[in-house]
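Inspection log for the structure reproduced underneath, given as structure tokens.
Any read-out appearing in this document is the output of simple, stated calculations on the displayed coordinates, not a laboratory observation. These figures come from a predicted structure and were not determined experimentally. All Cβ positions, even for glycine, are placed from backbone atoms using ideal geometry, and neighbour counts span all protein chains on display.
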Amino acid sequence: MKIKVCGLKYPDNINAVAALEPDYVGFICYDQSPRFIDDLPADALTGLKPLKTGVFVSHGIDKIIEKVSEYDLDVLQLHGQESPVICDALKNKKPMIVTHIVDVVKNGRKVMKLSGETRKTVQLEKDVVVIKAFGLDDGFDFSQLDAYVGVVDYFLFDTKTSQHGGSGKKFNWDILEQYTLDVPFFLSGGLSLDNLAEVKKIKHPAFYGVDLNSRFETEPGLKDIGLLQKAFNLLRSTDTE
């Protein structure tokens, strides 16, 4: 089982988490999150062994590409309304034309205008892993995932809330039985020391890893190393009873 620790933002804490040897570490690039890496220097991620994961919420593909370059990201986790076309362009490094809306002020009044001068072609140069996240509830329609087969590497199943992750809330894991695709998935949403033993009992053939976040913090973005060490010991032990 792979382990991902998400929502890191402080350099010393990042290094302490990395020393536990998770498989992935996640950084929130969404400015509405309390874990947003607004002032995290790029060199804070230099030399990290875990795969560096950038978490995005309906960002433009050009902004995603900028962050890949800035932080040398290995993995993209997409939590918004990203289409299969966007995922395909990122996973398979296909060029895309993007158009920006510019604000034009006339006679003291702001007018929205599309300008041909803002159109440009962007293309990711680095190979990355693409994770598409979905918020699940009891009425989730798994058929919507079919369109993403072949254009993402993994899914991430989180609890459906308005927060785009990090809610600390657990969804009903029984609905995972409805997932029949071969694309591996991460489990997220309310994972804690209290339920990781149950996580280890999940036998779904596509279950790939866990995403640990808010239940292992002392404050948003600051992970509790002691709690994480206990979680790692539990998840990596061979005892499932």
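Highest-first packing order for the peptide set 197-204, 58-65, 80-87 is 58-65, 80-87, 197-204, based on the mean count of other beta carbon atoms within 10 Å.
Recomputing Rg and Dmax of the Cα atoms in Å from the coordinates shown identifies the correct label among (1) 24.1, 84; (2) 18.9, 72; (3) 17.1, 55 as (2). When Rg and Dmax are taken over the Cα atoms of the range 123-241, they come to 15.0, 48 Å.
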